[in-house]
Protein chains: 2
Amino acid sequence: MLRISKKSEYGIMALKHLLNQPAGTFGRAKEIADIYSIPSEALAKILQTLARKGILKSIQGARGGYVLAKSGDNIKLSEIIECIEGPVGIVDCVTSEPCGCVQIDNCTISDPFRVIQEQFMIFLSRISLLDINNEMEMRQVSWQ
Amino acid sequence: MLRISKKSEYGIMALKHLLNQPAGTFGRAKEIADIYSIPSEALAKILQTLARKGILKSIQGARGGYVLAKSGDNIKLSEIIECIEGPVGIVDCVTSEPCGCVQIDNCTISDPFRVIQEQFMIFLSRISLLDINNEMEMRQVSWQ
DNA sequence: TTAAACCCGACTAAATTGGTCGTGTTTAGG
DNA sequence: CCTAAACACGACCAATTTAGTCGGGTTTAA
């Protein structure tokens with residue numbers, strides 16, 4: 001029902017936690033997983049993906065961990081979700097071109113949905129990790 | 001990946017078709033399904049749901065069919081999706097209270113996401129069937 | 001009376017999501 | 001230089017959700 005996946009939820013919790021991490025210290029996957037009762041293997045994989053895509057920086061070896069690779073207001077919700085779940089597409093037609101759907105010639109909704117998709121991505125990209133951390137206070141998403 | 005379900009897609013195609021139906025005529029499930037290559041049983045069920053929730057009016061018996069129960073600009077995308085897929089919740093915490101998640105006391109994201117959810121619903125409720133029919137021309141979603 | 005249509009719930013199959021496991025690789029610290 | 005703590009990765013299984021099917025109804029125009 002148009003829901004963000006558990007993986008994204010976990011990722012966002014972890015990112016928020018890392019944002020509040022004292023400067024100079026690292027967050028470890030296991031530790032974060034324990035705090036929020038997240039299966040640690042699952043969180044580990046999520047953090048690895050976030051690191052691979054440049055949202056987190058990983059420090060290898062014993063006493064290693066993760067830190068944010070950029071400032072909280074530069075990490076957008078759209079980015080986090082796309083990183084963890086793959087390309088967001090309100091409808092299939094929007095991400096894959098040509099869309100593999102059977103409607104092909106008769107698909108009357110792919111054009112309007114391309115516009116909706118675009119506006120939805122703007123919506124998501126206007127929300128930053130910092131906003132989420134501040135409980136969305138004072139956020140009036142403005143449009144155009 | 002944050003996608004509208006096939007059922008909603010089918011429903012929207014059918015609604016758009018019905019919007020363009022000559023006044024006084026009905027659209028039949030089988031007929032619409034054929035045009036857009038939608039499995040007819042599936043579409044039938046979707047149209048039944050839309051009728052039950054008051055978005056469509058059904059005409060029973062032979063030579064029956066469906067017509068829109070209200071004008072195109074009064075049918076909102078939020079309404080259609082909620083009707084077909086059930087309550088939209090970006091995260092579970094938002095729809096069910098209390099949320100059944102294990103994070104319970106330590107869930108740091110449910111509050112901000114309640115706000116995001118609210119804004120997302122506004123986003124969806126500003127898009128009408130008429131907008132979709134007009135290929136979203138001239139639609140600048142404005143926010144607050 | 002019949003056939004065309006809506007109506008409804010139960011069921012199955014396919015796809016996606018959520019979570020686990022095993023095996024590496026890197027590196028601080030003893 | 002060894003060990004343990006941590007990241008990295010891919011393969012796999014389980015649970016849930018979505019998609020689609022089927023077999024019955026009921027209503028009504030012709």
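Each reported figure results from applying straightforward, stated rules to the coordinates on display, with no laboratory input. The model shown is predicted, which means the values in this text are computed figures rather than measured ones. Reconstructed Cβ throughout: ideal geometry from the backbone, glycine too, with neighbour counts over all protein chains shown.
All other residues whose Cβ lies under 11 angstrom from that of B:Ala51 are scored, Lys and Arg at +1 and Asp and Glu at -1, for a net of +4. Taking a ≥ b ≥ c as the square roots of the eigenvalues of the Cα gyration tensor of the protein assembly as shown, is the shape rounded (a/c under 1.5), prolate (a/b larger than b/c) or oblate? It comes out prolate by the Cα gyration axes. A point 7 Å from Cα along Cα→Cβ stands in for A:Ser40, and the other copies hold the same point at 5.8 nm, listed in rising order. Exposure here means at most 14 other Cβ atoms within 10 Å; with trypsin sites (Lys or Arg not before Pro) in a DSSP loop as sites, the longest stretch of chain A lacking them is A:71-144. A convex hull fitted around the alpha carbon atoms of chain B yields 140 Å³ per residue.
By how many degrees, between 0 and 90 and to the nearest 10, does the Cα long axis of helix B:110-125 differ from the longest principal axis of chain B? That helix lies at roughly 20 degrees to the long axis. What does the charge add up to near A:Lys16, with Lys and Arg as +1, Asp and Glu as -1, over the other residues with Cβ less than 12 Å from its Cβ? Every neighbour counted, the sum reads -4.
Angle between the Cα long axis of helix A:6-19 and the longest principal axis of chain A, 0 to 90 degrees, nearest 10? Its long axis makes an angle of about 50 degrees. Each residue of the range A:81-86 was assigned a 3J(HN,Hα) from its phi angle through the Karplus expression (A = 6.51, B = -1.76, C = 1.60, θ = phi - 60°), giving 5, 5, 4, 7, 9, x Hz with x at Gly and Pro.
With r as the distance between the Cβ atoms of B:Ile35 and A:Lys45 and R0 = 35 Å, compute the FRET efficiency 1/(1 + (r/R0)^6) and round to 0.05.
After rounding to 0.05, the efficiency reads 0.20.
Label point of A:Ala23 (7 Å along Cα→beta-carbon): distances to the other copies' equivalent points are 6.9 nm, sorted ascending.
Longer than 18 Å from Cα to Cα, which of B:Lys7/B:Lys70; B:Lys6/B:Lys70; A:Lys7/A:Lys76; A:Lys53/A:Lys76 are they? Say none if no pair is.
On the way: B:Lys7/B:Lys70 21 Å; B:Lys6/B:Lys70 23 Å; A:Lys7/A:Lys76 16 Å; A:Lys53/A:Lys76 13 Å.
Over 18 Å apart, Cα to Cα: B:Lys7/B:Lys70; B:Lys6/B:Lys70.
Remark: the range A:55-64, residue by residue, has Karplus-estimated 3J(HN,Hα) of 8, 10, 10, 9, 10, 7, x, 4, 6, x Hz, where x stands for each Gly or Pro and the curve is 6.51 cos²θ - 1.76 cosθ + 1.60 at θ = phi - 60°.
In nanometers and ordered shortest first, the copy-to-copy spacing of the B:Gln60 label point, defined 7 Å from Cα toward Cβ, is 7.1.
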